[in-house]
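Contents: one structure, followed by commentary.
The values are calculated or read from the model by the stated rules, or taken from the named source; none is laboratory data. These numbers come from a predicted model, not from an experiment. Glycine also receives a Cβ, built like all others from the backbone with ideal geometry; neighbour counts cover every protein chain displayed.
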């Protein structure tokens, strides 16, 4: 019966303070548990993005020819060898440029996600204050 | 440790659940979705307000953003913090899920409404039935499909003795036991709270619900499966949260770090692409095999895998499942960027102009795969590439392939066990380069799980509903009666057929009768458990057979008992339905009994395969019986027996004059009698589990005659007959012992000969009645015909000829002469018969 998971809103999250007095339990959830959960979720997604952009494999194969399209130079005349060498060099450069571009794009997205991961928990802590502040402002501040 | 109680009044969870129900959770969730729009609107208004002099826009923007932010926090607080909190370990009521709380509340209400003092299991069931998930599970278990829930429940309530009327009902001891069982089940299933499904399983502790389950032909194991099935469907319907998934897929490195594959694109199909574009069906089950492939291929160095199994057993399905795992990014890191190419061996080996071109193609293919760096080559029927005897459609490329297998390229291959021994083991280097996986049919438990995942698609497609019992019946009949395909394919295909058929008939619920009738109509054999008229027929089978057979009580009793065992499911499933050796002189009813049995069991005499074993006296004639393998480009010979049984698996096999067959041929039947299967000349396994096998023999006829003349008792006759047959070397003891029954047919007495004549004449009279002519025979006429039709050597065999010559010819002549006309009554006396 391992596939049976708790469903709906009843997802149980371990809470050290669950059986503590309501006030302590609430503050621990608001200021620590929930923000920590959101942050860990964001970290996990950063990891998934690093994986998706295949940063590791792109770095390992950075200077390999594009699509591994390389011409063998054995048994070629010297001038042909030089020509093929430059063609292979171009293939490697193209590969490196495309991979570097992907690595940078991936890293930027990961950094943005990480920043988001830091901002959202803080925003969550501020959410009730922010709500009250904005509603108060809309009604009472002219 | 505090004492375990069940007290909803002291449960904080109950109080919270009331809040939840009063608040109507659905509205809250809708409001969250609405708040996203409100927030975005607020942001737009705020931007707009920057360009507007009117401050009202900024005020509205503040209000919209502020209120939606505040609502989000409140929503999170309510649903993530306040409501989900098992509080008191000692009070089971605190460990109930919100839906279970509603069930308990409902059961209290029903108890009060019916003015009972204690909450009995039936009230708990009433509560479960009222909940959405409980009702769904009950319907899956087949409860309430034929009758309305409320009727069943009210009739059950009426059966309980009312002790006293009270305003504060208490939980009865049995109900408390049920709840405790529900708790144990939740713990065993790793759930943190008691769900409606757990309560349903808990109910099985009550006698009343055990009776309900018995009526529904369910047991506790089935009920647990139903609850798990519901959990699975629920989890699927909710989908997987994008942020909570383990991976976003295989990643873009697959395309940007590895090589071009122009040769492979010409001679192979990229399975990753077929799966990504949804061109391959989803694979269910086969987890072990898929994981094993993954682990083998992830090894460094030599890592190739060969899947061995019969055609249609699911080897390709397993590979598709493995590729699905790659595409979803759920494989080990070293496997993540792999592309699996299925090599089209036909294309690779065809259209070749020059000598050595095939070898060149194969070399280029492997070179390219090695250079690309992320290729797994999949060869279906790998033996065609390394055949020890290359012919049309096969080569021996083992020398070319071998160097690549030691680490350059990953290869997945498939073959059959026979070809593995024949072709692959002939190249020890190749055989050593592969890790073997023997693919077997999944067992029935696994098939249930696979069907639980596939059936919901059919349900939504055809607007039908599959109760759990029907799923079980589907598996039973496909295991028992469908032999041309392996599991799970045969079960899935049959489920599909049943679903479509039900949809066409406008039937919403798939019942077991529909499955049985569909399969019965396909194979012309009753598949349903014997009941009603058929059960009566089975009970009176001796009478039915005696309508055609005179005397031979022992033989009739033996075959009738075997049939009853078969139809009630008592007999061993892995053997033929019945195996009998009929011994006795010619013309005493051995063949007639076989025909009568074929008619009784398989519906028609036509379902009898008759093999004259006197044609198989030579050892070499075995190939005519079971077929021969193809040789030197020629197709193999078809086996008389194996082809007939493969084409008509539901038949009576009559092996006439078995004693005349060669001894080696008799040995073949030992496996058939024991395991219910026989491997034919081409290596195909022929299933005999749905056949009745009757062997007849005249051997020992004289012995039987003499014994009967000496008034030897029946039991002693049988024993001494078997001894006689063994001593004479006619049959080996192991052959005789394999039969369910060895039956001695007695020579017919004078009275029985007359009865045979009467039987045949009544058949003639019946035929004449169709022409509206009533024919009757005087006792003297019957006697005369009986005398004419009896032969000391051939028994009653000449009887039919005698009736034809003397009675039928006379009637025919009189009909032509106009002496007998329509509507006339004719009495034929001994004088009329020549």
Self-check item: Verdict on residue B:75 being within 27 Å of residue A:31 (Cα to Cα) and within 13 Å of chain A (Cβ to nearest Cβ)
Solution: yes
Quiz item: With (1) outside any helix (DSSP H, G or I); (2) under 30 Å from residue B:521 (Cα atoms); (3) modelled with pLDDT of 90 or more as the list, and residue B:638 as the residue in question, which single condition is left unmet?
Solution: (3)
Practice problem: Give the number of residues within the stretch B:786-819 that are within 19 Å of residue B:770 (Cα to Cα) and in contact with a strand residue (DSSP E or B) (Cβ under 6 Å, 6 or more places away or on another chain). | Solution: 0
Practice problem: Among the residues of the stretch B:281-293, write down those that are away from chain A (no Cβ under 14 Å) and surrounded by fewer than 19 Cβ atoms within 10 Å (Cβ to Cβ). | Solution: B:281, B:282, B:288, B:291, B:292
Quiz item: Identify, please: which residue in the stretch A:48-72 is outside any helix (DSSP H, G or I) and more than 8 Å from chain B (Cβ to nearest Cβ) and is, among those, surrounded by the most Cβ atoms within 10 Å (Cβ to Cβ)?
Solution: A:65
Quiz prompt | Failed condition for residue B:782, given (1) touching a strand residue (DSSP E or B) at 6+ places or on another chain (Cβ under 9 Å); (2) buried (at least 18 other Cβ atoms within 10 Å of the Cβ); (3) in a helix (DSSP H, G or I) | solution = (1)
Practice problem: Pull up the stretch B:785-829, narrow it to residues that are in contact with a helix residue (DSSP H, G or I) (Cβ under 6 Å, 6 or more places away or on another chain) and not in a helix (DSSP H, G or I), then point me to the one that is farthest from residue B:750 (Cα to Cα). | Solution: B:820
Quiz prompt | From B:587, B:578, residue being touching a strand residue (DSSP E or B) at 6+ places or on another chain (Cβ under 6 Å) and at positive phi | solution = B:587
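On the basis of being surrounded by fewer than 16 Cβ atoms within 10 Å (Cβ to Cβ), more than 30 Å from residue B:72 (Cβ to Cβ), out of contact with any helix residue (DSSP H, G or I) (no Cβ under 9 Å at 6 or more places or on another chain) and within 11 Å of chain B (Cβ to nearest Cβ), does residue A:77 make the cut? Walk me through it before giving the result.
Values: surrounded by fewer than 16 Cβ atoms within 10 Å (Cβ to Cβ): yes; more than 30 Å from residue B:72 (Cβ to Cβ): yes; out of contact with any helix residue (DSSP H, G or I) (no Cβ under 9 Å at 6 or more places or on another chain): yes; within 11 Å of chain B (Cβ to nearest Cβ): no.
No.
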Practice problem: Mind listing just one residue for me: the one in the stretch B:195-205 that is within 11 Å of chain A (Cβ to nearest Cβ) and in contact (Cβ under 8 Å) with a residue 60 or more places away in the chain and, of those, surrounded by the most Cβ atoms within 10 Å (Cβ to Cβ)? | Solution: B:197
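Take the residues in the stretch A:1-47 that are in a loop (DSSP other than H, G, I, E, B) and more than 7 Å from every other protein chain (Cβ to nearest Cβ), then tell me which one is modelled with the highest pLDDT.
A:21
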Exercise. Within the stretch B:603-629, track down each residue that is closer than 17 Å to residue B:659 by Cβ, assigned to a helix (DSSP H, G or I) and in contact with a strand residue (DSSP E or B) (Cβ under 7 Å, 6 or more places away or on another chain).
Key: B:613
Practice problem: Being at the interface with another protein chain (Cβ under 10 Å from one of its Cβ atoms) and on the phi > 0 side of the Ramachandran plot is the filter here, so list the residues in the stretch B:236-260 that pass it. | Solution: B:249, B:251
Quiz item: For the stretch B:1-106, which fully contained helices (runs of 4 or more DSSP H) count at least 1 residues that are at pLDDT below 85 and closer than 30 Å to residue B:138 by Cβ?
Solution: B:12-23, B:25-50
Quiz prompt | Residue check for residue B:135: surrounded by fewer than 21 Cβ atoms within 10 Å (Cβ to Cβ) and in a helix (DSSP H, G or I) | solution = yes
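Being surrounded by 15 or more Cβ atoms within 10 Å (Cβ to Cβ), farther than 22 Å from residue B:327 by Cα, out of contact with any strand residue (DSSP E or B) (no Cβ under 7 Å at 6 or more places or on another chain) and within 14 Å of chain A (Cβ to nearest Cβ): is that true of residue B:263 here?
Yes.
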Exercise. Could you tell me which residue of the stretch B:463-499 is farthest from residue B:646 (Cα to Cα), considering only residues that are over 18 Å from the mean Cα position of the chain (by Cα) and surrounded by fewer than 19 Cβ atoms within 10 Å (Cβ to Cβ)?
Key: B:463
Practice problem: Report those helices (runs of 4 or more DSSP H) wholly inside the stretch B:654-753 carrying at least 3 residues which are modelled with pLDDT of 85 or more. | Solution: B:663-675, B:714-727, B:733-737
Exercise. Mind listing just one residue for me: the one in the stretch B:207-235 that is over 25 Å from the mean Cα position of the chain (by Cα) and within 13 Å of another protein chain (Cβ to nearest Cβ) and, of those, surrounded by the most Cβ atoms within 10 Å (Cβ to Cβ)?
Key: B:234
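Listed here are the residues, each with its yes/no results for (1) more than 32 Å from the chain's Cα centre (by Cα); (2) farther than 24 Å from residue B:522 by Cβ.
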residue: B:608; (1), (2): no, no
residue: B:619; (1), (2): yes, yes
residue: B:624; (1), (2): yes, yes
residue: B:651; (1), (2): no, no
residue: B:669; (1), (2): no, yes
residue: B:673; (1), (2): no, yes
residue: B:677; (1), (2): no, no
Self-check item: So residue B:701, is it surrounded by 17 or more Cβ atoms within 10 Å (Cβ to Cβ) and closer than 21 Å to residue B:483 by Cβ
Solution: no
Quiz prompt | Failed item in (1) in contact (Cβ under 8 Å) with a residue 12 or more places away in the chain; (2) farther than 25 Å from residue B:65 by Cα; (3) surrounded by 14 or more Cβ atoms within 10 Å (Cβ to Cβ), with residue A:44 passing the rest | solution = (1)
Quiz item: Among the residues of the stretch B:403-428, how many are out of contact with any strand residue (DSSP E or B) (no Cβ under 9 Å at 6 or more places or on another chain), outside any loop (DSSP other than H, G, I, E, B) and closer than 17 Å to residue B:363 by Cβ?
Solution: 1
Quiz item: Of the conditions (1) within 14 Å of another protein chain (Cβ to nearest Cβ); (2) at pLDDT 90 or above, residue B:435 fails just one. Which one is it?
Solution: (1)
Quiz item: Just for the stretch B:373-408: of the residues that are modelled with pLDDT of 90 or more and within 14 Å of chain A (Cβ to nearest Cβ), which one is surrounded by the most Cβ atoms within 10 Å (Cβ to Cβ)?
Solution: B:375
